Amino acid sequence: MNQLKAIEKKDQRVLTTSQVATHFGTDTKSISYNFNYNKQRFTEEKHYFVLSGEERKEFLFNNREIHDSSKHAKTIYLWTKKGVFLLAKSINTDKAWEAYESLVDDYFDKVERLQNMNVPTTVPTTIEGILELAVLNMKDLRQELNQVQKDNRRLQLVVDNEIWLTENQKAEIQESVNARVGFLMKKGYEAHFQSIYRALKSHFSVPKYDKIKRSDFELALDLIHGWYPKKKEEAN
């Protein structure tokens, strides 16, 4: 990894969006997209800092060695170690994870540097302290994991209850309608494809059958399998 000049914000090492993109092997648009798509998982000043106005100008003045696209952005995002972790998780490529591990090893973990400067750190020196820190770190990871699981459950509810039928489900409904019409006609019923589709639209209150929710797919199949038209009048 290329040696990065340290950038700090509120006693935390941070990276610009452009720096993260470069090390992840992607571009700033991809980083911004993944951030905005998963924004509910990020917490300002924990995962990132936003600089604008005078704060942005002051930051650029104090970090004139930055020569990437961040200099021209109206708003500058600075990513903490935890923020870069979430970005790597959202991009989820081998390149992103390898870059994250490298950044942690070579950039974010600054304890040794601080100790060489005789700057006090919170690194424990006793077994009790080490165990306490480990418990706190595990608690923090559990909280983040719980939040991710909650987000996944909410997303699953959206997928199950709001998204329309998949292409495979639409194809299966069409096959079921065809099979039902063929079966009923052999039994002497006057069955029409349009009649079944009209029944589906009416029952689920949708303009077209393919707007039925994914969660109602099995109910739609049950309706098709149990559908009957009026029977042909017997000839005198």
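The values are calculated or read from the model by the stated rules, or taken from the named source; none is laboratory data. Just so we're clear, the structure is a prediction, and the values are computed from it rather than from any experiment. Here the Cβ is made from the backbone with ideal geometry for all residues, glycine too, and neighbour counts use every protein chain on show. Note: accessible area is taken over every heavy atom of the protein model, side chains too, but ligands, DNA and RNA are not part of it. Shrake-Rupley method; radii C 1.70, N 1.55, O 1.52, S 1.80 Å.
Between K9 and V14, the built amide H atoms are under 5 Å apart, and every one of these is 5 or more places off in sequence or on another chain. Which cross-chain or sequence-distant (5 or more) residues have an amide H under 5 Å from the amide H of L165, H modelled 1.01 Å from N in plane? Answer set, sorted by chain and number: I212, R214.
What is the spin-label model distance, in nm, from N62 to Q40 if the labels are put 7 Å beyond Cα along the C-beta direction? If labels sit at N62 and Q40, their model points lie 3.5 nm apart. Computed over protein heavy atoms with a 1.4 Å probe, the accessible surface of region 1-51 works out to 56 Å² per residue.
Placing a pseudo-label 7 Å from each Cα along the Cα-to-Cβ vector at R198 and T75 gives an inter-label distance of 5.3 nm. The HN-Hα couplings worked out from phi for region 45-62 by the Karplus form 6.51 cos²θ - 1.76 cosθ + 1.60 (θ = phi - 60°) are 6, 9, 9, 7, 10, 10, 10, 8, x, 5, 5, 5, 4, 5, 4, 5, 5, 7 Hz, whole numbers, x standing for Gly and Pro. 3J(HN,Hα) couplings calculated from phi for region 83-92 with the Karplus curve 6.51 cos²θ - 1.76 cosθ + 1.60 (θ = phi - 60°) are, in sequence order, x, 5, 4, 5, 5, 4, 5, 6, 6, 6 Hz; Gly and Pro show x.
3J(HN,Hα) along region 178-189, derived from phi through the Karplus expression 6.51 cos²θ - 1.76 cosθ + 1.60 where θ = phi - 60°, amounts to 4, 5, 5, 4, x, 5, 5, 5, 5, 8, x, 8 Hz, with x in place of Gly and Pro.
Label-to-label distance, D210 versus L145, with points set 7 angstrom from Cα along the beta-carbon direction: 4.2 nm. Near the amide H of Y48, within less than 5 Å, lie the amide hydrogens of T43, T80, all on another chain or at least 5 residues away, with H placed in the peptide plane.
Ranking of R64, R13, R142 by solvent-accessible surface, largest first: R64, R142, R13 (1.4 Å probe, protein heavy atoms only, all chains present).
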